[in-house]
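The values are calculated or read from the model by the stated rules, or taken from the named source; none is laboratory data. Bear in mind that the values here come from a model prediction, so they are computed numbers and not experimental data. Note: ideal-geometry Cβ built from the backbone for every residue, glycine included; neighbour counts use all protein chains shown. Side chains included, ligands, DNA and RNA excluded: accessible areas come from the protein's heavy atoms. Shrake-Rupley method; radii C 1.70, N 1.55, O 1.52, S 1.80 Å.
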Amino acid sequence: MNPELLRNVENIAREKNIDRESILCDLEAAMESATRKHFGPDREVEVRIDRETGEVLAMLDNEQIDIKKLGRIPAQTAKQVMIQKLREDERGSIFAEYQERVGEIVAGTIGRHEGGTTIVNLGRTEAILPRSEQIPGETLHPGERLRAMIYEVKEVPNHIKIILSRSHPDFIRRLFEQEVPEVADKVIEIKALAREAGYRSKVAVTSTDGKVDAVGACVGVRGSRIKNIVDELGGEKIDIVRWNESSQIFIGNALRPSEIREIALCFELNRATVAVSEDQLSLAIGKRGQNVRLAARLTNWDIDILTPTEHTKGLEILIKTLREVESVDDTLIDKVMSLGVISVLDLEEIGAEPLVQSLEIEEELAVKMVKAAGNEARRLAESKKAGTAAQEVLAKEAENKKSEGPTEIMSDKKESGLSSLLSSEPINVEASPKESSDSSPTSEQTESEEKMPVTEPEKEMPITSDAEDTSTKID
């Protein structure tokens, strides 16, 4: 009987989360390697450990030997081989465990910083939090507790590389699952999410139970649930948006808290043209175009923001241009506008083929219409160098920022998004599904019986009770 051997094997298996049988096989292989090295590589060696008693049976050329009498050098060899095999088993165990947990939130202790990378101790192993996966502006101190999402697990030579993320959009999704039981139970579903890490996020939610208010449940009593998430993200603002199958209603909800006058959808271009009053323009655009940019990513629609005057003027030019084309009457013009075409630029971009298929008109007529729209668009571009009202708002904000000096650090990615906003003809924000990880700091609240105090701009906005048309903001 050798109960001490079995007891040690059990302890190692429990501490390192390694299969007991795998450790016993490693012990047998280590003893065989040491015995063969002692007697020579040509000798036939076999070592067996009894799984019930722990007795070690060693055979050399079919004759039993006492392995304990081999001496110090074979014992040292067996030890080195055993340590190496245990490390390999432990690496395999860690890889299998964390590979299954990709996408989950783990808690660890900040160990040290290596350049821009933060090393996080998870207990059994260490993980890395690269600078690119950290929340911009966040300061991490050694010894602090940290929660992050397992983003990727790689098997590299001699160790397992576990990469964490706090900037990924799914990190917010997992936080909602932890803080909101209805989300974890699938009663409330997060349909879409857009984030600019460290600044603002928009989360579209819907309820599978008619008795459960999706927005109110995510906000919690007096904002208790959303506040925990905002605190974890270092003050990043979160807009809770009510999801709707109707793209028009959903886009309107996503652009809250601004009031929308009209939304025209062009399915051919996947573009939504939104008309807002001039006093709501800056609210719809958001700081540095953040609100409309996140709304575009959330809804997966390109969004143009126009004032009613610009919207009407674009329609008037389109109608006038088409009326000059032979065989085009008001009925056909109405059909063109029903496709979501509200300007000559839209018509030129669509081309003739969709007009032929959707309106069932002759190709020759469709080509004439598109050509006339293109000529008018070029004429307008030459005579009009000023941008839309939305572009002017962004340009003015950028100019003020430049004169005041930099007060907020934004990533290159965010700056390029602003540049694209300023350079487009109308304020056109393209939705990028891959980058649906945008954010910025604010939390909204709607339709909960107990409302959080609102900021001054929000007090000017009437709070409606329309369940289809509300988002939530919490300060």
Helices (runs of 4 or more DSSP H) (entirely within segment 188-303) containing at least 3 residues that are closer than 29 Å to Gln134 by Cα: 214-219, 224-232, 281-285, 290-299
Of all residues in segment 277-300 being among the hydrophobic types (A, V, I, L, M, F, W, C) and open to solvent by less than 20 Å² (accessible area, probe 1.4 Å), the one that is farthest from the chain's Cα centre (by Cα): Leu281
Which numbered condition Val230 fails, given (1) under 20 Å from the mean Cα position of the chain (by Cα); (2) more than 30 Å from Gln178 (Cβ to Cβ): (2)
Among the candidates Leu24, Leu5, residue that is open to solvent by less than 80 Å² (accessible area, probe 1.4 Å), at pLDDT below 85 and part of a helix (DSSP H, G or I): Leu5
Strands (runs of 3 or more DSSP E) fully within segment 88-137 counting 3 or more residues that are free of Cβ contacts under 8 Å to residues at least 40 places away in the same chain, farther than 17 Å from Lys154 by Cβ and not aliphatic (A, V, I, L, M): 105-114
Filter pass, Leu345 being in a helix (DSSP H, G or I), open to solvent by less than 20 Å² (accessible area, probe 1.4 Å) and touching a residue at least 40 places away in the same chain (Cβ under 8 Å): no
Index of the failed condition, Thr53 passing every other in (1) surrounded by 14 or more Cβ atoms within 10 Å (Cβ to Cβ); (2) β-branched (Val, Ile, Thr); (3) over 22 Å from Arg87 (Cα atoms): (1)
Scope segment 37-59; condition within 24 Å of Glu21 (Cα to Cα), of a type outside the set (Asp, Glu) and part of a loop (DSSP other than H, G, I, E, B); matching residues: Arg51, Thr53, Gly54
Matching residues in segment 304-342 - criterion: being of a type in the set (Asp, Glu) and in a helix (DSSP H, G or I): Glu310, Glu316, Asp330, Asp334
Of residues in segment 310-321 being in contact with an Asp or Glu (Cβ under 9 Å, 6 or more places away or on another chain) and touching a residue at least 12 places away in the same chain (Cβ under 8 Å), the one farthest from Pro257 (Cα to Cα): Thr321
